[in-house]
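Right, one structure below, let's go through it.
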Amino acid sequence: MKQRRNLQSFLSGFVDAAKGLAETIRTQFNIRTHFVITLIGIGLAFYLHLSAVEWSLIIVAIAVVWIAELFNTSIEYFSDFVSPEFNYLVGKVKDISAAAAFVAAMASLSIGLIIFLPKMFHF
């Protein structure tokens, strides 16, 4: 009986995660933008026949951006819940979490350019 409950809890975690991801994709423009860029990146990776190491770097870069954006979104939601009215410090928290997502996106872009450009333009 206890083993069944653990399995249900484990599977419930996947359902909750999927709901959170769906909510974020539905409501956040930046995540939808990253979704499109992710599809383009994966498509290019297949087309250009990346090595296992290159694939690994692309996957990590994509994951870091998604994780940063998901944390940024959750921080924004929580901040709005805790302080629905304007609060200077909450604004700083939101700006800093957005900056983390921006840094992740710029690092990911750099990795993509380093891997894709030489393969696309043979230099």
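The values are calculated or read from the model by the stated rules, or taken from the named source; none is laboratory data. Keep in mind it's a predicted model, so treat the numbers as computed, not measured. Positions of Cβ are generated from backbone atoms using ideal geometry, with glycine treated the same way; all protein chains shown enter the neighbour counts.
Miscellaneous remarks
- Subset of the range 18-38 [of a type in the set (A, V, I, L, M) and more than 13 Å from the chain's Cα centre (by Cα)]: A18
- Residue in the range 26-37 that is in contact with a helix residue (DSSP H, G or I) (Cβ under 8 Å, 6 or more places away or on another chain), surrounded by 11 or more Cβ atoms within 10 Å (Cβ to Cβ) and among the aliphatic types (A, V, I, L, M) present: yes
- Residue pairs whose Cβ atoms lie under 7 Å apart, sitting 6 or more positions apart in sequence or on different chains, and linking a residue in the range 103-123 that is under 18 Å from T33 (Cα atoms) to a partner that is surrounded by 19 or more Cβ atoms within 10 Å (Cβ to Cβ) and not hydrophobic (A, V, I, L, M, F, W, C), are G112/G41.
- Residue within the range 48-59 that is assigned to a helix (DSSP H, G or I), exposed (fewer than 13 other Cβ atoms within 10 Å of the Cβ) and not polar (S, T, N, Q) present: yes
- Hits in the range 83-102 - residues which are part of a helix (DSSP H, G or I) and either charged (D, E, K, R) or surrounded by fewer than 13 Cβ atoms within 10 Å (Cβ to Cβ) (or both): Y88, L89, G91, K92, K94, D95, I96, A99
- Filter result for T33 (touching a residue at least 40 places away in the same chain (Cβ under 8 Å) and either among the polar types (S, T, N, Q) or touching a strand residue (DSSP E or B) at 6+ places or on another chain (Cβ under 8 Å) (or both)): no
- Looking across the range 103-123, the residues that are surrounded by fewer than 14 Cβ atoms within 10 Å (Cβ to Cβ), at pLDDT 95 or above and more than 15 Å from the chain's Cα centre (by Cα) come down to S110, L113, I114, L117, P118.
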